[in-house]
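Step one of this worksheet: look at the structure below.
The values are calculated or read from the model by the stated rules, or taken from the named source; none is laboratory data. Predicted model only: the values in this text are computed from it and were never measured. We place every Cβ from the backbone using ideal geometry, glycine too, and count neighbours over all the protein chains shown. To get the accessible areas, we keep the full protein, side chains included, count just its heavy atoms, and leave off ligands, DNA and RNA. Shrake-Rupley method; radii C 1.70, N 1.55, O 1.52, S 1.80 Å.
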Amino acid sequence: MFDAFLKHISNNFPILFKSRVLLAVSGGIDSVVLLHLLKKAGVDFAIAHCNFSLRGKESDQDAKFVEELTRALNVPIYIQKFNTKAFALENKVSTQMAARELRYAWFMELCAEHNLSHTVTAHHAQDDLETFLINISRASGIEGLTGMTENSDFILRPLLPFSRDQIAAYAEQHAINWREDSSNSTDNYLRNHLRHHAIPALKEASPDFLTQFKKTQTYLQESATLLEDYTAFLFSKIVTQSFKGYELNIPQLLEVPNTKLVLYQLLKGFEFTDWDTIYDLLTAQSGKQVIAGKHRLIRDREVLLLTEHKVEDQEEFKVTSKDSLINIPGLTLKIEEASQFDKKDNNAAFFNRDQLEFPLTVRKWKEGDIFYPFGMHGKKKISKYFKDNKFSTLDKESAWLLCSGENIIWIVGERTDNRYKIKSGTTKLVKFTVIYD
């Protein structure tokens, strides 16, 4: 196995011979064999061991075993003990997910701190098969079936082409000792159940199953690459970026074959999961939206608008008579004295200074707000003004109101209040100018 391993890393992982890397060692057979292979190949590495505190004394004994092993091989080691269950509870994730997040975050810290180029893990061919079967059970798309990546920006997996049987045979041949994780013998986790039952049955039915599986994954990877290229082509035709976010052109989407799949490909990098509801947005009324995590998708006339989802607070900003600039999320409000009325666009508003009740307030709109639109007789609800002027959901959320006392005197960047219009003979003017970020 060593000759095949050396040829493999020489051809596909030249970085292992040009820099120092971090090797993750649990103490199990896979990582211990990889340690011996890398040492024999002359690779320069340090070792990281995670004690997840999940098996009491057994976890501590694993850490001690790895420490003694590395001391005998004269390799530097870093050991970290985690309170995994507490982390899982606090972050509302499974214990397995908590362990994953903790270890990879720590690996990245170690690499940055000690100038290590990559983290090397001992994932092998059967790990890849187990992940494939798990993803099938989760209704994964094609990207979940293409397998682990051998070489990424951060993780290297040089054992992926090798089987568990090859690793076990190498350990036996070289009398390598390792620690057996007692939790591996149970069927408490789906991965273990597949390892103990499904995969042996598949191998029994087809002795070369693992080899054929790797070929199938190669075909899937090629198909995934083709799909990504097609998606990139469609992205350039369908998606545009504006200050609001990304806009997906609905008429163009509906003209594309397999629209639902195209939507999935365009949006799969976000946290959306309810794809039927997202597809329904194509025929929904303007303003309908789907929220997932930190993002949302809004039907806005003839586009689907992808934006960040922020929970806006009800913060108010005060404007005193001495202020010249007020920074507000999304814009800056400039305040200055003016000698004459020269309004040219909606981004500027003029008021009689003597009519203003300082401090003024800048706030978001709320249900029931009314004002008297400039140039009109009578009052109008802010919500009705938004509707009449075809404000989108995002436009409404980003709108700010300038208020004097209880009166709304300006929908910032839009319309002033008729009660505060400049009359002839007014000499004390205050000019407000909105500057958008």
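Can you name every residue in the range 348-387 that is open to solvent by less than 70 Å² (accessible area, probe 1.4 Å), farther than 16 Å from Leu429 by Cα and either of a type in the set (Val, Ile, Thr) or under 41 Å from the mean Cα position of the chain (by Cα) (or both)? Of everything in the range 348-387, those that are open to solvent by less than 70 Å² (accessible area, probe 1.4 Å), farther than 16 Å from Leu429 by Cα and either of a type in the set (Val, Ile, Thr) or under 41 Å from the mean Cα position of the chain (by Cα) (or both) turn out to be Thr361, Val362, Arg363, Lys364, Trp365, Gly368, Asp369, Ile370, Ile382, Ser383, Tyr385, Phe386.
Quick one: how many residues across the range 50-72 are part of a loop (DSSP other than H, G, I, E, B), under 20 Å from Phe107 (Cα atoms) and of a type in the set (Gly, Ala, Ser)?
Quick first cut of the range 50-72, residues part of a loop (DSSP other than H, G, I, E, B) only: 52-56.
Still in the list and also under 20 Å from Phe107 (Cα atoms): 52-54.
Filter once more, keeping what is of a type in the set (Gly, Ala, Ser): 53.
The number of residues fulfilling the criteria is 1.
Contact map, the range 20-34: residues that are at positive phi paired with residues that are basic (Lys, Arg), Cβ distance under 8 Å, separation 6+ or inter-chain. Pairs shown: Gly27/Arg179.
How about the range 161-178: which of its residues are free of Cβ contacts under 8 Å to residues at least 60 places away in the same chain and in a loop (DSSP other than H, G, I, E, B)?
Our first condition is that a residue be free of Cβ contacts under 8 Å to residues at least 60 places away in the same chain; within the range 161-178, this holds for 163, 165, 172-173, 175.
Selection gives Ser163, Ala175.
Of all residues in the range 285-296, those that are open to solvent by less than 30 Å² (accessible area, probe 1.4 Å) and out of contact with any helix residue (DSSP H, G or I) (no Cβ under 8 Å at 6 or more places or on another chain) total 2.
Can you tell me which residue is farthest from Ile335 (Cα to Cα) among those in the range 406-437 that are aliphatic (A, V, I, L, M) and assigned to a strand (DSSP E or B)?
From the range 406-437, those aliphatic (A, V, I, L, M) are 408-409, 411-412, 422, 429-430, 434-435; that's our starting set.
Then keep just the ones that are assigned to a strand (DSSP E or B); that gives 408-409, 411, 429-430, 434-435.
Details: Ile408: 17, Ile409: 15, Ile411: 16, Leu429: 11, Val430: 7, Val434: 9, Ile435: 11 Å.
In this case the residue turns out to be Ile408.
Do we have Asp274 as in contact with a strand residue (DSSP E or B) (Cβ under 7 Å, 6 or more places away or on another chain) and modelled with pLDDT under 90 here? Step through it out loud before you land on a result.
Values: in contact with a strand residue (DSSP E or B) (Cβ under 7 Å, 6 or more places away or on another chain): yes; modelled with pLDDT under 90: yes.
Taking the combined requirement at face value, the residue satisfies it.
Pairing residues of the range 353-376 that are under 22 Å from Ala338 (Cβ atoms) with residues that are open to solvent by 70 Å² or more (accessible area, probe 1.4 Å) and outside any loop (DSSP other than H, G, I, E, B), at Cβ distances under 6 Å and at least 6 apart in sequence or on separate chains, gives Pro359/Lys318.
Residues Phe107, Phe87: which one is in contact (Cβ under 8 Å) with a residue 12 or more places away in the chain, farther than 20 Å from Thr121 by Cα and among the hydrophobic types (A, V, I, L, M, F, W, C)?
On the way: Phe107 fails: farther than 20 Å from Thr121 by Cα.
Step by step, each of Phe107, Phe87 is checked, and only Phe87 is in contact (Cβ under 8 Å) with a residue 12 or more places away in the chain, farther than 20 Å from Thr121 by Cα and among the hydrophobic types (A, V, I, L, M, F, W, C).
Any chance the range 395-402 includes a residue that's under 30 Å from Glu308 (Cβ atoms) and either acidic (Asp, Glu) or touching a Cys at 6+ places or on another chain (Cβ under 6 Å) (or both)? Before the answer, list the steps.
To start, the set of residues in the range 395-402 that are under 30 Å from Glu308 (Cβ atoms) comprises 395-402.
After this cut, where a residue has to be either acidic (Asp, Glu) or touching a Cys at 6+ places or on another chain (Cβ under 6 Å) (or both) as well, the list is 395, 397.
Yes, the range 395-402 contains a residue that is under 30 Å from Glu308 (Cβ atoms) and either acidic (Asp, Glu) or touching a Cys at 6+ places or on another chain (Cβ under 6 Å) (or both).
Against the list (1) assigned to a helix (DSSP H, G or I); (2) open to solvent by less than 70 Å² (accessible area, probe 1.4 Å), the condition Leu305 fails is (1). Which of the residues that make up the range 423-437 are out of contact with any Asp or Glu (no Cβ under 7 Å at 6 or more places or on another chain) and open to solvent by 50 Å² or more (accessible area, probe 1.4 Å)? Of everything in the range 423-437, those that are out of contact with any Asp or Glu (no Cβ under 7 Å at 6 or more places or on another chain) and open to solvent by 50 Å² or more (accessible area, probe 1.4 Å) turn out to be Lys423, Ser424, Gly425, Thr427, Ile435, Tyr436, Asp437. Any residue in the range 10-25 that is more than 32 Å from the chain's Cα centre (by Cα), over 20 Å from Glu101 (Cα atoms) and buried (at least 16 other Cβ atoms within 10 Å of the Cβ)? No. Within the range 165-180, identify whether any single residue is touching a Gly at 6+ places or on another chain (Cβ under 8 Å), buried (at least 16 other Cβ atoms within 10 Å of the Cβ) and under 30 Å from Cys111 (Cα atoms), and answer yes or no. The answer is yes, given that some residue of the range 165-180 is touching a Gly at 6+ places or on another chain (Cβ under 8 Å), buried (at least 16 other Cβ atoms within 10 Å of the Cβ) and under 30 Å from Cys111 (Cα atoms). Checking each residue in the range 311-347 for being open to solvent by less than 70 Å² (accessible area, probe 1.4 Å) and either in contact with a Gly (Cβ under 7 Å, 6 or more places away or on another chain) or part of a strand (DSSP E or B) (or both) picks out Phe317, Val319, Ile326, Ile328, Leu331, Thr332, Leu333, Ile335, Glu336, Ala338, Asn347.
Filtering the range 232-284 down to residues that are among the aromatic types (Phe, Trp, Tyr) and within 26 Å of Lys310 (Cβ to Cβ), which residue is most open to solvent (accessible area, probe 1.4 Å)?
Here is the first cut: in the range 232-284, the ones among the aromatic types (Phe, Trp, Tyr) are 233, 235, 243, 246, 264, 270, 272, 275, 279.
Add one more test, that the residue is within 26 Å of Lys310 (Cβ to Cβ), and what stays is 235, 243, 246, 264, 270, 272, 275, 279.
On the way: Phe235: 90, Phe243: 190, Tyr246: 84, Tyr264: 49, Phe270: 65, Phe272: 11, Trp275: 53, Tyr279: 89 Å².
Of everything passing the filter in the range 232-284, Phe243 is most open to solvent (accessible area, probe 1.4 Å).
Restricting attention to the range 244-279, the residues that are free of Cβ contacts under 8 Å to residues at least 40 places away in the same chain, assigned to a loop (DSSP other than H, G, I, E, B) and within 21 Å of Arg296 (Cβ to Cβ) add up to 6.
Test Tyr420 against the stated conditions and say whether it is open to solvent by 30 Å² or more (accessible area, probe 1.4 Å), touching a residue at least 40 places away in the same chain (Cβ under 8 Å) and aromatic (Phe, Trp, Tyr). Spell out the reasoning first.
Numbers: open to solvent by 30 Å² or more (accessible area, probe 1.4 Å): no; touching a residue at least 40 places away in the same chain (Cβ under 8 Å): yes; aromatic (Phe, Trp, Tyr): yes.
When the stated conditions are applied, Tyr420 does not pass them.
Residue count for the range 365-376 under the criterion of being within 22 Å of Ala348 (Cα to Cα) and either basic (Lys, Arg) or out of contact with any strand residue (DSSP E or B) (no Cβ under 9 Å at 6 or more places or on another chain) (or both): the result is 2. Counting only helices (runs of 4 or more DSSP H) wholly contained in the range 73-160, the ones carrying 1 or more residues that are open to solvent by less than 60 Å² (accessible area, probe 1.4 Å), closer than 26 Å to Trp275 by Cβ and of a type outside the set (Phe, Trp, Tyr) occupy 125-137.
Considering the range 181-229, the residues that are surrounded by fewer than 12 Cβ atoms within 10 Å (Cβ to Cβ) and among the acidic types (Asp, Glu) include one that is farthest from Lys39 (Cα to Cα), namely Asp229. Looking across the range 371-396, the residues that are in a loop (DSSP other than H, G, I, E, B) and within 22 Å of Lys421 (Cα to Cα) come down to Tyr372, Phe374, Gly375, Met376, His377, Gly378, Lys379, Asn389.
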